[in-house]
């Protein structure tokens with residue numbers, strides 16, 4: 001739970017961007033990629049504070065191959081699109097975007113974080129970074145528990 005609190009802290013206040021050679025790029029056009037699954041985390045769930053809302057997971061073609069093989073090739077990109085969940089008239093609908101979380105695989109560039117670059121873009125911004133140089137503590141520290149699945153928590157839905 002400690003690493004989740006750390007993640008919330010870094011998502012809540014934007015950190016300076018990482019140096020250009022280690023910056024994770026914004027994933028242009030990701031909503032046209034393969035939609036893996038969606039989920040709603042509601043109040044009462046242990047992850048509600050940092051990740052409450054509607055989640056959509058997207059993967060580019062290389063990441064889809066990685067999900068199928070269990071090992072992700074360089075160039076794989078996974079996007080965690082987190083939106084507010086709005087409830088009205090017995091329906092849950094998408095509200096404002098909270099963060100666009102990105103995992104970008106480049107074994108050489110991100111060797112110190114399992115080959116993955118991590119970033120969170122605040123709200124609808126393509127430039128306001130919420131993780132930056134803090135990826136090792138804000139993201140990777142929790143993802144190490146998934147080392148046997150190449151540091152990826154999500155699984156592709158059949």
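Read the figures in this text as sums done on the coordinates, not as results from a lab. Only a predicted model underlies this, so the values are computations on that prediction, with no experimental measurement involved. FYI the Cβ positions are ideal-geometry reconstructions off the backbone, even for glycines, and counts take in every protein chain you see.
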Helix-only CD estimate at 222 nm, as mean residue ellipticity for the chain, using -39500 (n - 2.57) per DSSP H run (n ≥ 4): -4000 deg cm²/dmol
Packing-ranked peptide list from 97-108, 147-158, highest mean Cβ count within 10 angstrom first, is 97-108, 147-158
Can you tell me which of 111-123, 59-71, 21-33 comes out highest on packing, and rank the rest after it, using the mean Cβ neighbours within 10 Å? 111-123, 59-71, 21-33
Along its three principal axes, how long is region 107-156 when you only count alpha carbons? Whole Å, largest extent first please. 32, 25, 17
Convex hull volume per residue for region 20-98, taking Cα atoms only, in Å³: 138
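Could you rank the peptides 43-52, 82-91 by their average count of other C-beta atoms within 10 Å per residue, with the highest value first? Each step should come with its number before you reach the end.
Values: 43-52: 13.6, 82-91: 11.7.
Put in order of decreasing packing, that is 43-52, 82-91.
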Relative contact order computed over region 90-152 (Cα-Cα under 8 Å; 6+ residues apart), in percent: 25
Normalised by the number of residues in the chain, what is the relative contact order in percent for Cα pairs under 8 Å and 6+ residues apart? 25
Rounded Å value of the spacing that divides the Cα centres of region 19-72 and region 85-158: 6
In degrees, nearest 10, range 0 to 90: what is the angle between the Cα axis of helix 2-12 and the longest Cα principal axis of the chain? 80
